[in-house]
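The values are calculated or read from the model by the stated rules, or taken from the named source; none is laboratory data. Not measured: the values here are computed from a predicted model. All Cβ positions, even for glycine, are placed from backbone atoms using ideal geometry, and neighbour counts span all protein chains on display. Ligands, DNA and RNA are stripped out before the accessible areas are found, and what is left, the full protein with its side chains, is counted by its heavy atoms. Shrake-Rupley method; radii C 1.70, N 1.55, O 1.52, S 1.80 Å.
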Amino acid sequence: MTMTNTTLGLPRTHGNVHWIGGCVAFDYDGEHIHGHMCAYLVIGDERSLLVDTGHPAHAHQVESALDRLLQGRPLDLIFPTHSEMPHAGNLGRWLRKWPECRVVGDISDYHLYYPDD
């Protein structure tokens, strides 16, 4: 199996919503397959919200997009839809980068994944 990491021309923007993430493309059993990894940044007048964190394999490209799109503003809220790696895998990383950021949603078991955060 051969894997490559591509960006699909991301981030893509519609109004104040930005799709950031990446694609893991690989060949499996003679077929070329793509697996997309998504995170969405919503920038409001007063706060910013990241829906899902992106997969750790895309951490650097997601971080670069966040820095560029936030333009020096902090990341205020993170809403991980669930604890699976592509959706919450960078949670600890973003909380260390933006220590005032709050995690919202059903995070009742996240202390098991991120005991230091």
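Could you compute the net charge surrounding ILE78? Neighbours are other residues with a C-beta less than 9 Å from the C-beta of ILE78; K and R count +1, D and E count -1.
Values: positive: ARG102; negative: ASP52, ASP76.
That sum, taken over residues with Cβ under 9 Å, equals -1.
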Cα principal axis extents for the chain, largest first, Å: 48, 35, 20
message: Tell me whether the range 26-84 comes out rounded, prolate or oblate; compute the Cα gyration tensor, take square roots of the eigenvalues as a ≥ b ≥ c, and use a/c under 1.5 as the rounded threshold.
response: prolate
message: Can you give me the distance in nm between label points at LYS97 and SER64, each placed 7 Å from the Cα along the Cα-to-Cβ direction?
response: 1.2
Solvent-accessible area per residue, Å², over the chain with all protein chains present [probe radius 1.4 Å]: 60
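Could you work out [θ]222 nm for the chain from helices alone, using -39500 (n - 2.57) per DSSP H run of at least four and dividing by all its residues? Round to the nearest 500 deg cm²/dmol.
Working: 4 runs with 27 residues, N = 117.
Value at 222 nm, helices only, nearest 500: -5500 deg cm²/dmol.
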message: Apply the Karplus curve 6.51 cos²θ - 1.76 cosθ + 1.60, θ = phi - 60°, to the phi angles in the range 82-94 and return the couplings in whole Hz, x for Gly and Pro.
response: 6, 7, 4, 3, x, 9, 9, x, 9, 4, x, 4, 6
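Rounded to the nearest 0.05, what FRET efficiency is calculated for ASP45 and ASP117 with R0 set to 35 Å and r the Cβ-Cβ distance?
Details: r = 28 Å, r/R0 = 0.79.
Rounded to the nearest 0.05, the efficiency is 0.80.
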task: Between beta-carbons, use under 15 Å as the cut-off and find the net charge around TRP19, counting Lys and Arg +1, Asp and Glu -1.
output: +1
message: Nearest 10 degrees is fine. How inclined is helix 59-70 to the longest principal axis of the chain, computing both from alpha carbons?
response: 50
- prompt: Spin-label point model (7 Å from Cα, Cβ direction): what's the PHE26 to VAL104 distance in nm?
  reply: 3.5
